[in-house]
Amino acid sequence: IRSELDNVERLTLVGQMAAGITHEIRNPMAVVRGFLQLMREKSPEDLHSYYHIVMEELDRANSIINDFLSLAQSRVSDKEMVQLHLIMEELTPLIWADANLRGQSVELKLSPSLPLLRLNVREIKQLILNLARNGMEAMEAKGVLTLETCEHEDTAQLIITDTGSGIPQSQLKQLFAPFFTTKSQGTGLGLSLCLSIAERHNGTIHVESEEGKGTSVIVTIPFEPKEEPAEIEVYS
Ligand code: ADP
Ligand code: MG
């Protein structure tokens, strides 16, 4: 029953988002159309300065479609028993390369001794990359991104901390709303996607932030419930 409910909830979300998508894709289309009109009127030199705007708008439309598809995919989530720090270690070179290009650094605090988690590896990688990218996008050069895993009661925690801009109190409630973005090239779908992935793992996402100091995003995923020992009937 639980997974059926999840699917219904997800379909509702997808329905609401289809309306948002239409709106979001029309903006880039309008820009491209305007550009094509200018091509008839302007000299090639003038057009040069518009070129990158058009490319960026097309890229943004593409990102929106990609994020939306990831969110809409209602395939049965195939999970396997894995160790979180192994997934993190696989992703580190990718994140490190990205941070390096921005002049930022990455610190790892991975606990190798966590119990196994039942995870959809593809989805969890997507979640980590999205959160890491948000952290990097919030920081200037010299910023530090910290990736941490630890155990907390019956859960594993994945904590991604940046030394970036922080998030104004007034925005904390909107963060996970589809299409909420403060970036000119943002889709506003990254955190919605992360939340839906966390929920598909019975997990939660918690954000702690201080303006001007930075942000920690804490993803909590419960360990598998331990098998209860079978009850033994005692006859007397
Ligand atoms: P996008 O990254 O495309 O804007 P997200 O859903 O990933 O969309 O994030 C939504 C918004 O939340 C961002 O535009 C930004 O304002 C805010 N945000 C998310 N993560 C952070 C962070 N680590 N530091 C500061 N702001 C953040
Ligand atoms: Mg994002």
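Numbers at a glance
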{"item": "Over the chain, relative contact order from alpha-carbon pairs under 8 Å, at least 6 apart, %", "result": "17"}
{"item": "Per-q log10 I(q)/I(0), the chain, q = 0.11, 0.13, 0.15 Å⁻¹ (Debye; single scatterer per alpha-carbon; no solvent)", "result": "-0.67, -0.88, -1.11"}
{"item": "Built amide H within the under 5 Å cut-off of residue 151, gap 5+", "result": "157"}
{"item": "For the chain, share of DSSP beta bridges that run antiparallel, in % to the nearest 5", "result": "85"}
{"item": "Note, ³J(HN,Hα) from phi for segment 179-193, Karplus 6.51, -1.76, 1.60, rounded to Hz, x at Gly and Pro", "result": "6, 6, 8, 10, 9, 5, 9, x, 9, x, 9, x, 6, 4, 5"}
{"item": "Straight-distance crosslink candidates among lysines, where the alpha carbon sits under 20 Å from residue 125 and sequence neighbours closer than 8 are dropped", "result": "79, 109"}
{"item": "Per-residue HN-Hα couplings for segment 141-155 [Karplus 6.51, -1.76, 1.60; θ = phi - 60°; Hz; x = Gly/Pro]", "result": "4, 6, x, 10, 9, 10, 10, 9, 10, 7, 9, 9, 6, 8, 10"}
{"item": "For residue 143, distant residues with modelled amide H under 5 Å away", "result": "105"}
{"item": "For segment 34-46, Karplus couplings with θ = phi - 60° (6.51, -1.76, 1.60), whole Hz, Gly/Pro x", "result": "x, 5, 4, 5, 4, 4, 6, 9, 9, 7, x, 5, 4"}
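Taken together, the values in this text are just the output of simple stated rules run on the coordinates, not laboratory data. Note that the coordinates shown come from a computational prediction; the quantities given were computed from them, not determined experimentally.
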